[in-house]
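First up is the structure itself, then whatever we jot down about it.
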Amino acid sequence: MTEQRRSYAGECVYVGVDVHKETYTVTCVCHKQIVKTATVQAEPAGLAASLLRWFPGATLYSAYEAGFSAFVLHRALTTAGITNIVVNPASIAVAANDKVKTDRRDAKKLAIDLADGRLRGIYIPTEAEELARLLPRTRAQIVEHRATIARQLKAKLHQFGLIAPSSRRMISNRYLREIAAWSLAPELRVSLTLLAEQWRFATRQLIEIRRLLQEQAAAQAALEKVYRSVPGIGAVVARTLATELGDMTRFANERALCSYTGLTPSEYSSGSSVRRGPISRQGSGRVRHVLIETAWRALPRDTVLQEIFDRIAATRGKKRAIVAIARRLTGRIRACFRQGTTYAVGTYA
């Protein structure tokens, strides 16, 4: 005699998914009781189909942590009619004495926290937004790769005493041509030639990406106009911010924007004591780095920002001062989007 399956029609089922490259570990909770645990192949559409098969007629809610898998699983779940959120791993509370970590425990915690309403989802970009971000991100990777090759070239020149330890000359096509004309041992010449070819190839790639970024900027003229009007923002930074933050009016308020970028100060308060510490760093590290660098470049171009920086730096130090300037500058850019104007240097209090 077969066992009668439980009916989930009209019920709410909360699903926690611990995502790995090859498998998904799933825990399902209904009425605060675990009703299903499973480990399945890491196939987004397959997981969505399994959840619908396990709980026919139920209203399904799911959550998983943001990570390498990005948002393919999210899109598969939502397409199947499942309400899904992607959460920041740092926002999930963990007890100080909890020293055990397994896939099932992680999935269980996600499911229970989701059922109790303790999870908040991050912003999910559209597929078009994700694709647009690829160009600035790929450029940053190639820039770092080319810098690594340049360091390797100079390391070999230092190794054989061909340049002075104090040399600060940058690797360039002209410099590489000069090196090629030197009288070198065959082994060293081969090594330097191979690295030089890699450096030149990376340089050609950067030229091509610059062309593609210009085309992308032309297609997003409205965003580009606002970002390029900000002091300290050039073509590359404008593309990074435009693709990562987009139209800043999507943020409900300035606090939400600063939280997204990780520029919100941490706070430790008890009773009448209020202490604010360093920034939370829970947002995008890439965007945060760009905003801090932009703030440094904006100072000599905006006297109002410079005055604010000097006042804060005098009592709290330059590091905290520049973070405060980055927050203020970010808020001003958002104000430009809200008001439909470009940035006006020196007009903000």
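The values are calculated or read from the model by the stated rules, or taken from the named source; none is laboratory data. Being a predicted model, the structure only gives us computed values, none of them experimental. Cβ: placed from backbone, ideal geometry, glycine included. Neighbour counts: every protein chain shown. Heavy atoms of the whole protein, side chains included, go into the accessibility calculation; ligands, DNA and RNA do not. Shrake-Rupley method; radii C 1.70, N 1.55, O 1.52, S 1.80 Å.
Just one of the listed residues (Ala252, Ala164, Ala202) is open to solvent by less than 70 Å² (accessible area, probe 1.4 Å), of a type in the set (Gly, Ala, Ser) and at pLDDT below 95, namely Ala164. Comparison of Asp116, Asp98 shows that the only residue that is under 30 Å from Tyr61 (Cα atoms), surrounded by 11 or more Cβ atoms within 10 Å (Cβ to Cβ) and either at pLDDT 95 or above or acidic (Asp, Glu) (or both) is Asp116. Would it be correct to say that Gly161 is within 30 Å of Val345 (Cβ to Cβ), small (Gly, Ala, Ser) and either touching a strand residue (DSSP E or B) at 6+ places or on another chain (Cβ under 6 Å) or not in a helix (DSSP H, G or I) (or both)? The answer is no for Gly161.
For (1) modelled with pLDDT under 90; (2) within 22 Å of Pro125 (Cα to Cα), each residue gets a yes or a no:
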residue: Arg276; (1), (2): yes, no
residue: Leu291; (1), (2): no, yes
residue: Ala314; (1), (2): no, no
residue: Ile322; (1), (2): no, no
residue: Arg338; (1), (2): no, yes
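Contact annotation: residue pairs with Cβ atoms under 6 Å, 6 or more positions apart or on different chains, pairing a residue in region 79-96 that is over 10 Å from Gly121 (Cβ atoms) with a partner that is open to solvent by less than 40 Å² (accessible area, probe 1.4 Å) and at pLDDT 75 or above, are Ala80/Ala48; Ile82/Leu60; Ile82/Ser62.
Trp296 fulfils the conditions (1) at pLDDT 95 or above; (2) farther than 20 Å from Leu241 by Cβ except for a single criterion, (2).
Screening Val143, Val86 for residues that are of a type in the set (A, V, I, L, M), closer than 27 Å to Ala242 by Cα and open to solvent by 40 Å² or more (accessible area, probe 1.4 Å) leaves exactly one candidate, Val143.
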